[in-house]
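What follows is calculated from the coordinates using simple rules that are stated; it is not laboratory data. None of the values given here were measured: they were computed from a predicted structure. With ideal geometry, Cβ positions are generated from the backbone for all residues, glycine too; neighbour counts draw on all protein chains shown.
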Amino acid sequence: MTRRAVLPGSFDPVTNGHVDIIERARQHFDELIVVIMHNPAKAGRFPVAERVALMRDSLKDDRGVRVETFSDVLLVDICADLGAGVIVKGIRGPADYEYELPMARMNRQLAGVETFFLPSDPEWDHVSSSLVTEVASYGGDVSHLVPRAVWDALK
Ligand code: PNS
């Protein structure tokens, strides 16, 4: 049986923290599918199609990784479509855990899909898509926090 996992998120835009989680998670599955979605609870910055292109550009080693996008569909239904029994999420700290835990419980209750939490590398604990976008919008240098393609797009 192929061990397939889904790593979902807004990735608006992808940061070095996301790339680190993807590269580490990838090693534990036959296939890791990065699912990029619009989150209605968040103000969108980059159009989803551009987020997908930036993600594909940003993955140095994309062996065993696929990037897909879906809209207006439950994550558990996407998992069923893709044949993935597991969701992977990076956790930077308690705030992420509090945000993720109800979704993980809901997804398990809805469809028996388990969520595996992967602690972020401390190097990227303070990095979020919203913060790098804000700093860049004021002319701050975040080139060390995002992939090259994202830095070019933010500039
Ligand atoms: O990076 P984000 O914004 O925290 O990702 C959130 C996302 C897109 C994974 C979440 O909003 C989601 O799963 N959306 C799909 C719709 C859905 O299944 N909602 C119920 C979640 S329990």
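Filter segment 59-77 for residues that are within 11 Å of the ligand (Cβ to nearest atom) and not small (Gly, Ala, Ser) and give the result. Reasoning before the result, please.
Step one: of segment 59-77, the residues within 11 Å of the ligand (Cβ to nearest atom) are 69-77.
Answer for segment 59-77, where residues must be within 11 Å of the ligand (Cβ to nearest atom) and not small (Gly, Ala, Ser): THR69, PHE70, ASP72, VAL73, LEU74, LEU75, VAL76, ASP77.
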(1) of a type in the set (S, T, N, Q); (2) touching a Lys or Arg at 6+ places or on another chain (Cβ under 8 Å); (3) more than 9 Å from the ligand (Cβ to nearest atom) all hold for ASN16 apart from (2)
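What residue, of THR115, THR133, is part of a strand (DSSP E or B) and surrounded by 13 or more Cβ atoms within 10 Å (Cβ to Cβ)? So that I can check it myself, show each step before the final result.
Numbers: THR133 fails: part of a strand (DSSP E or B).
Going through THR115, THR133 in turn, the sole match is THR115.
Here is a yes/no grid of residues against (1) within 17 Å of GLY17 (Cβ to Cβ); (2) of a type in the set (A, V, I, L, M); (3) assigned to a helix (DSSP H, G or I):
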{"residue": "ARG66", "(1), (2), (3)": "no, no, no"}
{"residue": "ASP72", "(1), (2), (3)": "no, no, no"}
{"residue": "ALA80", "(1), (2), (3)": "no, yes, yes"}
{"residue": "PRO102", "(1), (2), (3)": "no, no, yes"}
{"residue": "ASN107", "(1), (2), (3)": "no, no, yes"}
{"residue": "LEU110", "(1), (2), (3)": "no, yes, yes"}
The conditions are (1) outside any helix (DSSP H, G or I); (2) touching a strand residue (DSSP E or B) at 6+ places or on another chain (Cβ under 9 Å), and LYS60 fails exactly one of them. Which is it? (2)
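In segment 136-150, which residues are among the charged types (D, E, K, R) and either assigned to a loop (DSSP other than H, G, I, E, B) or in contact with a strand residue (DSSP E or B) (Cβ under 8 Å, 6 or more places away or on another chain) (or both)?
Of all residues in segment 136-150, those among the charged types (D, E, K, R) come to 141, 148.
Correct list: ASP141 only.
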Every pair of residues 6+ apart whose Cβ atoms lie under 6 Å, when the first sits in segment 38-63 and is within 22 Å of ARG26 (Cβ to Cβ) while the second is in a helix (DSSP H, G or I) and not polar (S, T, N, Q): LEU54/ALA149; LEU54/VAL150; ASP57/ALA149; SER58/VAL19; SER58/ALA149
Single residue of segment 36-54 satisfying the filter (in contact with a helix residue (DSSP H, G or I) (Cβ under 6 Å, 6 or more places away or on another chain) and within 13 Å of the ligand (Cβ to nearest atom)) that is nearest to TRP151 (Cα to Cα): ARG45
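For segment 91-104, does any single residue satisfy the condition of being more than 18 Å from the chain's Cα centre (by Cα) and surrounded by 17 or more Cβ atoms within 10 Å (Cβ to Cβ)? Spell out the reasoning first.
Filtering segment 91-104 for residues more than 18 Å from the chain's Cα centre (by Cα) gives none.
Scanning segment 91-104 turns up no residue that is more than 18 Å from the chain's Cα centre (by Cα) and surrounded by 17 or more Cβ atoms within 10 Å (Cβ to Cβ).
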